[in-house]
Amino acid sequence: MGRILAIDYGLKRTGIAVTDEMQIIASGLTTVDSEKAIDFLSDYFVKEKVEKVLIGEPKQMNGLPSQSAPLIEVFITKFVSKFPDMQLERVDERFTSKMAFQTMIDSGLKKKQRQDKGLIDEISATIMLQDYLSRKK
């Protein structure tokens, strides 16, 4: 069984989370510059067996696509072109950034640490992935 990888793609940064090989636990992997995300994934897919990739689908409260949706569609086009055989699934990413920030507070991170936007993106991807795993069971 391969890992499941989740991507929280943004204009500047992309948070990435991944499961263990048994697809039980979601863990934050890293945050990369969005322009380097495809290169990072190319390297990662060579090192690790990934079965599926989840990409966050930003929506507004009314369910319509958010302003960042066209940016993510461009990334998905590049992703599918580079990795045509990789299984891809879109997942709702509403509230993940707010949940990530609250998780940082709850875990006792200092204010300075909570200002690390890269960490927020990585935690957001982890929350997205953990939610997916919970629904899958």
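Being more than 11 Å from the chain's Cα centre (by Cα), at pLDDT 95 or above, exposed (fewer than 12 other Cβ atoms within 10 Å of the Cβ) and assigned to a helix (DSSP H, G or I) is true for just one of 39, 43. Which residue is that?
From the options 39, 43, the qualifying one is 43.
Please go through the range 1-32 and pick out each residue that is of a type in the set (D, E, K, R) and under 13 Å from the mean Cα position of the chain (by Cα).
8, 13 - these are the residues of the range 1-32 that are of a type in the set (D, E, K, R) and under 13 Å from the mean Cα position of the chain (by Cα).
Would you say residue 96 is at pLDDT below 90, crowded, with 19+ Cβ neighbours inside 10 Å and hydroxyl-bearing (Ser, Thr, Tyr)?
yes
Restricting to the range 13-24, and then to whatever is touching a residue at least 60 places away in the same chain (Cβ under 8 Å) and not in a strand (DSSP E or B), can you tell me which residue is farthest from residue 80 (Cα to Cα)?
Among those residues, the one meeting the criterion is 24.
Would you call residue 112 among the basic types (Lys, Arg), at pLDDT below 70 and out of contact with any His (no Cβ under 6 Å at 6 or more places or on another chain)?
The answer is yes for residue 112.
The values are calculated or read from the model by the stated rules, or taken from the named source; none is laboratory data. Being a predicted model, the structure only gives us computed values, none of them experimental. In this analysis, Cβ positions are derived from the backbone assuming ideal geometry, glycine residues included, and neighbour counts consider all displayed protein chains.
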